[in-house]
Each structure stands twice: as structure tokens, then as C-alpha cells.
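Working notes, structure below.
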Amino acid sequence: MKHIWIVNYYTTPPDYVTHERHLKFSHYLQESGYKVTIFTTSYGYWMQEDVDFITNGEKYQYIDYGEHHFCHIKSTHYKGNGIKRAFSIFQFAFRMFLNRKQFKRPDVIIHNIHEPFDYPISWCAKSLRAKYVIDDWDLWAISFANHGFVKRNGVIDRLIRNSEYSLLKKADAIVFSMEGGRDYIRDRGFSTESGGKINPAKVFYINSGVDLSQFEQNAIKYRIEDPDLENRSSFKAVYMGAISKANDIEKLVEAAQILKEDNRVKILIYGNGSERERLEQLKIKNGLDNLIFKQKRIPLSNVPYVLRSCNLSLLNHHQSDTGKYGISLGKFFQYLAAGNPICGNIDPAYNYVKKYNLGVSKVFSSAKEYAEAILSFVDMPQENYRSMCERVKKTACMFDYKLLSMQLVDIIKTL
């Protein structure tokens, strides 16, 4: 039986999961006959409560969560973005390298990269003679410049680029969760098409997805008693996810202000982030009874019931260079499974909302345009609305994790 390591600093145990990608890969890889170990940090900083999964003072600890076999690596606690975050990711990777011979040797390492900080994982692959698969789901390397953390084309940005190129060259296969992965490799000057050394033939695309069977089960099993969700007389538009400057939720709040005299519409926001408290105060200041901030963190098992209780799913994000290669937002695929139309203040390349006519997806020039887009679904003839819902459900079938995981199995078999 071949042994696969899935390495991602941020992967959480099932009870805390917010992004299922690697848990689902683990499940279906095991169904296909592979042994899988998930390596991740010991410290759950992303939850409402801080959780340290290593309590015995060891540098690493194996813990089984049902079918999933985890190895937690002791890593430094941190808050926010900064040097401690970078150090914690490096510490995680370096401790994996130092202890690599203590773990059962892998045949394949699937590494969700956060370059340059977890570079030592590639050393593990070389030292243990394992096939090395890079899984890139958020183009981490260009996010620093995109969000203003470093100067574009400055010294640090160039160092990150060089580290990324070096890491990608070592890979036996590169899997992007954005459809434009090969475009990205070319534009960075990494591919043989643009003067680099990476053969585009080893670059693949597997987006994030949703387990449709589990989604249907959870929608029935995990209900929430909430009068806002149970109110069938209102048209409910729901946003789920981070509430930070990168998500531009303020434009949604401004749209709510334009819509506040329309008693038909309620906007529900689930999630947390650096902007939530400020925007909650803005809601109070402007008397926006039609805008309701809900739970800061909602268990993934409750998401299907919430989405199914609403009428419109909202996407929100600032445009950046990342969007030119497509998007891989986990909530997007939950939205698809829910079967409601989608209204997005976002216009990425490979725009599935536009491609399959699932709603509206564009960069709104103003809050007024955003509000009008929401109202277009409220006023849509029922026959048109139901037809759009059916298209959304049909599109979701393309991103069922069972199908996506088989694509990963096919890649592994070619190595």
C-alpha cells in the first residue's frame, strides 16, 4: 500500500474544519487504497477559541480523528500577520525535516505551499526519495505584493519569487486550484514557454469543491433554530466568509443602506475578521435593520441548512492580480451545492457565474449598482429564478470532491 503525506500548515481536524479540500482528498485517497497521513501545525489559531493539539510537551504527536490520521507538529502561537506567523510556518516545516526519519516514509508528498517559509518540506521529499506534488490554492507568493505587505518588484518580492521558482522546479507535478495555473507559470517567466525550466505538461488543475452527498445529509441533519432563517416572507441574501478589507464588505453594507426601505430584503452576514466590529458599528449608526450580522464562526455542518434557507448567495472580494488566474473560494462551491443564484462583487478570469449563467458576477462601480443587482433577483420572474437554481445545482456536480479526488489519483498514478 502506497503511503501519501498531505502537508499543509493550516489543515484542521474535522470538528474545526473551515476548508475541506485536504480532508476530502484524504478520504477518497484512502478509499482508492492509499495510506494517508496529514501533517499540520499543533496550534489552531483560526478558531474562536485557541486550541493546542499537543499537550504532552513533544515536538510532534499523532492523533486519529475518525478515518483521518494526523501528525501535529509543535509550532509557535501567533496572532495576526507578521514575523511570528512567518516563523511559525518555517518552524513547522523545519521540524518536519528534522524529524523526517521518525515518520513512516512516504511514497508521495502532497504539499500545500506557503513559500518561502515552508521550503524545508521539499528537502523532506528529496531526502526520503518521495515523489513531490505541489498543491497551490491561493498563489501565496504574489499575495504579499497584491495586498501591500511588500513592495512589488522590490528586494523582498524578488526573493519570494526566486524561492517560489526554485520550489516549483523541484516538483514532479504542480496542482493549481485556479484554472489559469499554466497562465500563471508562463506570466511569472517560469515555464519553458516563457524562458523558464518548468514544463507546462506537469501543471494540472483541480479546483476546490464540495461533497454533494454530505451536503445533502447535513442540510437535513444539522438544522438551526433561527427566526431570521425561518422567516419565509423575506428574501434573504447571505454572505459567508472573512470580513476584512480584502473582502470589501463595506460596499455590501452601503448597498444595505440603499435597500433599507425595501422591507422584502434581508442581508445576513456570517463570519469574522478585522473589519467586523467597525462595520457592525456602521450598521447601528445608520439604523440598518435589514442587515444582520450572524455567528462569527459557524460549523461547516450547519452551512448547508443556512444556505438552503436563503434565496441568494453573495460573493465579495477586492479585485487583485490573483483573480486574473481564476478563483478557488471554498464557499463558492458550498454556494453551488445550495442551488441558489449567486451575486458577486467580483469578476475573475474563468468566471463560472458568467460562463454558466448562474447569476451576476462583476465589479460593481457603486453600492447603488450592487443594490440594484440584488433587487434584480427579488423581482425576477419565478420561472426564470427556478431555471437559474437548476443551472447552479447542475454546475455543482462538476465540483463534487469524489470526482476531483479521482483526478488527483490519476495524477499520482502518472508519477
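The values are calculated or read from the model by the stated rules, or taken from the named source; none is laboratory data. Fair warning: this is a prediction, and the values are worked out from it, not measured in the lab. Glycine also receives a Cβ, built like all others from the backbone with ideal geometry; neighbour counts cover every protein chain displayed. Note: areas computed on protein heavy atoms with side chains; ligands, DNA, RNA excluded. Shrake-Rupley method; radii C 1.70, N 1.55, O 1.52, S 1.80 Å.
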Next item on the list: Restricting attention to the stretch 210-247, report how many residues are open to solvent by less than 30 Å² (accessible area, probe 1.4 Å) and touching a strand residue (DSSP E or B) at 6+ places or on another chain (Cβ under 6 Å).
Entry: 8
Notebook entry, point to check: Based on what the data block shows, is Asn162 outside any helix (DSSP H, G or I) and open to solvent by 10 Å² or more (accessible area, probe 1.4 Å)?
Noted result: no
Next item on the list: With respect to Tyr370, determine if the residue is assigned to a helix (DSSP H, G or I), farther than 24 Å from Ser143 by Cα and under 23 Å from the mean Cα position of the chain (by Cα).
Entry: no
Margin query: Tell me yes or no: at least one residue of the stretch 200-211 is outside any helix (DSSP H, G or I), modelled with pLDDT under 95 and of a type in the set (S, T, N, Q).
Written below: yes
Next item on the list: Search the stretch 266-277 for residues that are without any contact (Cβ under 8 Å) to a residue 60 or more places away in the chain and pair each with any residue that is among the polar types (S, T, N, Q) and assigned to a loop (DSSP other than H, G, I, E, B) when their beta-carbon atoms are under 6 Å apart and the residues are at least 6 apart or on different chains.
Entry: Lys266/Ser234; Lys266/Asn290; Tyr270/Gln295; Gly273/Ser244; Ser274/Ser244; Glu275/Ser244
Next item on the list: Could you tell me whether the stretch 317-326 includes any residue that is over 15 Å from the mean Cα position of the chain (by Cα) and either under 21 Å from Arg391 (Cβ atoms) or surrounded by 24 or more Cβ atoms within 10 Å (Cβ to Cβ) (or both)?
Entry: no
Check: For the stretch 130-159, how many residues meet the condition of being among the aromatic types (Phe, Trp, Tyr), open to solvent by 10 Å² or more (accessible area, probe 1.4 Å) and over 21 Å from the mean Cα position of the chain (by Cα)?
Finding: 0
Check: How about the stretch 242-271: which of its residues are assigned to a loop (DSSP other than H, G, I, E, B) and at pLDDT 90 or above?
Finding: Ile243, Lys260, Glu261, Asp262, Asn263, Arg264, Gly271
Next item on the list: Give the residues of the stretch 351-387 that are among the hydroxyl-bearing types (Ser, Thr, Tyr) and surrounded by fewer than 15 Cβ atoms within 10 Å (Cβ to Cβ), sorted by residue number.
Entry: Ser365, Ser366, Ser376, Ser387
Note to self: Return the pair list, or none, for Cβ contacts closer than 9 Å from residues in the stretch 387-399 that are in contact (Cβ under 8 Å) with a residue 60 or more places away in the chain to residues that are outside any helix (DSSP H, G or I) and open to solvent by less than 80 Å² (accessible area, probe 1.4 Å), at least 6 apart or on different chains.
What the structure shows: Ala396/Gly209; Ala396/Val210; Ala396/Gly339; Phe399/Asn207; Phe399/Ser208; Phe399/Gly209; Phe399/Val210
Next item on the list: Just need a number here: residues in the stretch 122-144 that are closer than 21 Å to Phe176 by Cβ, in contact (Cβ under 8 Å) with a residue 40 or more places away in the chain and in a helix (DSSP H, G or I).
Entry: 4
